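The values are calculated or read from the model by the stated rules, or taken from the named source; none is laboratory data. Note that this is a predicted model, so its numbers are computed, not measured. Here the Cβ is made from the backbone with ideal geometry for all residues, glycine too, and neighbour counts use every protein chain on show.
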Amino acid sequence: MNNLIKFILLTFILLSIYYFLLPAPVSSTYYVARNGNDNGPGTEAQPWRTITKAANTAVAGNTVYIKTGTYNERLIPANPGSPGNYVTFAAYPGEIVTIDGTGVSVPIYNGLVHISNKSYIRISNLRIINSQWAGVWVANDSSYITVEKNYIYNTRSSGILMGNGHHYTADGNEIEKGNSDTTGDTSIQEIISIQYNTDTFEVKNNYVHDGGNPVWGGEGIVAKDGSSNGLIYNNVVSNVMSTGIYIDAYSTTVSNISVYSNRLQNTDNTGIGVSGEVGGTAYDIHIYNNIISGAQVGIRIPSYNDGTVSYLNNIQVINNNIYNNGGTAGGGGVLIGQYPNTHINGLVIRNNIISKNKNYQIAFNSTDSNTGYNIDHNLIDVFKGLSNEIRGKFYIAGDPQFVNPAGGDFHLGNSSPAIDTGSPDGAPNVDFEGNPRPRGAGYDIGAFEYRQ
């Protein structure tokens, strides 16, 4: 009995010594402030001075809160997170934090915020301005990266570029003057660019405006070069110098991408375009519930082809509002088959309101390479009668009676001919605002289901 008591006491003493000698748990939250010191512990009472110190230290499960101020440095996370344990870099709640690239060297194909071969990183609620290349650049087998609620301004290349990885999210960012290079540099990319074999992505709730350049590139939101399994929705793209939203296979394949509930306004080229510019193939592209106004062409399929044979298969354009596009010569509502080397198969243009576009509502350049298309149940407002202009089957002619299109209100008036006259085939089950379809006797034409 005495030996048992001695054994228990000895075990207790040894365990006590072991736990006493263990290092203290690593703090899950670090802080950075302009009056901090990188030799300190990084606590709220004793914050670090630089984002670089925090980025080199933070590991899975850590959050770095950055206090008010302007920081002339890059943010380059050194360590990955893990499932359920993101490494988060964020402005301290309620404070304004600016990462300013003025005088900071950012090499080509890099970002002021740069994430390379990392996973489970979150960048949140920062002002990222004046980058010599991209604002945020994510690449090289990264995964599970979220870029959210940031204001990104005046970047020579992309505001946000994500490539060579999977499970990327760009959510709720405002990007102004992205892609501002004016030298004609062909490597500058697009304002939000998803590219190079990215698999599984979401681009949502972003406001992209007053950007691009008149020389090269500058599209608002692009998914290209092998990207697949993506959602692009609830974005506003306004006053950009090229196409608003562009799906481009280029010389590879893009597939299974849905573009919906976006508002495109005053884009200098096309509202929404789909291409395989240099022999690529795009398939299973779904474009629905979008509002497009003030573009040169509302929807263009394909947008461009360099003369190489390319393929567009199963492209669906359903329940969009395409209004008042075509401000320059040759512009209009929907333009199909402009480039004969692009073979279009399985195209659907259905349930769209195509209204008051300048030179045509739907122009279709039919060739032997364009097969299996269905153009039906569209509301055509002001048919121009051009030689290549078509109405399609089961069309409705007339004014859609938008509530206030000049003010951007494209809801249907109570006597609109678009009410209950659409087709259920392939129609989305909700409208632009997420209201269920159908409501009433049938599906409505256009982006909004009529609600009293």
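Results, tabulated for the structure shown:
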| read-out | value |
| --- | --- |
| Entirely in the range 235-277, the strands (runs of 3 or more DSSP E) that have 3 or more residues that are surrounded by fewer than 24 Cβ atoms within 10 Å (Cβ to Cβ) | 236-240, 253-260 |
| Strands (runs of 3 or more DSSP E) (entirely within the range 154-227) containing at least 3 residues that are within 21 Å of TYR250 (Cβ to Cβ) | 160-163, 165-171, 192-195, 199-204, 221-224 |
| All positions within the range 177-204 that are farther than 21 Å from SER258 by Cα, crowded, with 18+ Cβ neighbours inside 10 Å and among the charged types (D, E, K, R) | LYS177, ASP181 |
| Residue satisfying all of: in the range 281-300; under 20 Å from the mean Cα position of the chain (by Cα) and over 17 Å from ALA447 (Cα atoms); surrounded by the fewest Cβ atoms within 10 Å (Cβ to Cβ) among these | ASP284 |
| Residue within the range 438-449 that is part of a loop (DSSP other than H, G, I, E, B), in contact (Cβ under 8 Å) with a residue 24 or more places away in the chain and surrounded by fewer than 20 Cβ atoms within 10 Å (Cβ to Cβ) present | no |
| Condition check for ASN130: closer than 30 Å to SER187 by Cα and surrounded by fewer than 20 Cβ atoms within 10 Å (Cβ to Cβ) | no |
| Yes/no for SER105 being surrounded by 14 or more Cβ atoms within 10 Å (Cβ to Cβ) and under 22 Å from SER193 (Cα atoms) | no |
| Single unsatisfied condition, ASN357 versus (1) over 20 Å from PHE448 (Cβ atoms); (2) in a loop (DSSP other than H, G, I, E, B); (3) not small (Gly, Ala, Ser) | (1) |
| The listed residue being modelled with pLDDT of 95 or more, among the hydrophobic types (A, V, I, L, M, F, W, C), in contact with a strand residue (DSSP E or B) (Cβ under 7 Å, 6 or more places away or on another chain) and surrounded by fewer than 16 Cβ atoms within 10 Å (Cβ to Cβ), out of ALA397, ALA418, ALA363 | ALA397 |
| Scan of the range 382-420 for residues that are free of Cβ contacts under 8 Å to residues at least 40 places away in the same chain, out of contact with any Phe, Trp or Tyr (no Cβ under 6 Å at 6 or more places or on another chain) and β-branched (Val, Ile, Thr), ordered by number | VAL382, VAL403 |
| Count - residues of the range 46-72 that are over 14 Å from TYR120 (Cα atoms), surrounded by fewer than 21 Cβ atoms within 10 Å (Cβ to Cβ) and in contact (Cβ under 8 Å) with a residue 40 or more places away in the chain | 0 |
| Yes/no for TYR144 being aromatic (Phe, Trp, Tyr), touching a residue at least 24 places away in the same chain (Cβ under 8 Å) and outside any strand (DSSP E or B) | no |
| Residue check for TYR207: of a type in the set (Phe, Trp, Tyr), surrounded by fewer than 23 Cβ atoms within 10 Å (Cβ to Cβ), within 9 Å of the chain's Cα centre (by Cα) and closer than 15 Å to ALA170 by Cα | no |
| Qualifying residue in the range 75-88 (condition: within 23 Å of the chain's Cα centre (by Cα) and farther than 18 Å from ILE160 by Cα) | yes |
| Residues being crowded, with 18+ Cβ neighbours inside 10 Å and either of a type in the set (A, V, I, L, M) or touching a residue at least 40 places away in the same chain (Cβ under 8 Å) (or both) - total across the range 87-100 | 6 |
| Residues (free of Cβ contacts under 8 Å to residues at least 60 places away in the same chain and not acidic (Asp, Glu)) located in the range 284-299 | ILE285, HIS286, ILE287, ILE292, GLY294, ALA295, GLN296, VAL297, GLY298, ILE299 |
| Of the criteria (1) surrounded by 24 or more Cβ atoms within 10 Å (Cβ to Cβ); (2) polar (S, T, N, Q); (3) modelled with pLDDT of 95 or more; (4) closer than 20 Å to ASN269 by Cα, which one SER303 fails | (3) |
| Residue in the range 34-45 that is farthest from the chain's Cα centre (by Cα), counting only those that are surrounded by 15 or more Cβ atoms within 10 Å (Cβ to Cβ) and over 18 Å from THR98 (Cβ atoms) | ASP38 |
| Qualifying positions in the range 361-405 - closer than 21 Å to GLN296 by Cβ, under 29 Å from the mean Cα position of the chain (by Cα) and outside any strand (DSSP E or B) | GLN361, ASN378, PRO405 |
| Output for the range 405-414, where each listed residue is closer than 17 Å to ILE292 by Cβ and loosely packed, with under 15 Cβ neighbours inside 10 Å | ALA406, GLY407, GLY408, ASP409 |
| Selection status of LEU379, surrounded by 15 or more Cβ atoms within 10 Å (Cβ to Cβ), touching a residue at least 40 places away in the same chain (Cβ under 8 Å) and either hydrophobic (A, V, I, L, M, F, W, C) or over 30 Å from ARG451 (Cβ atoms) (or both) | yes |
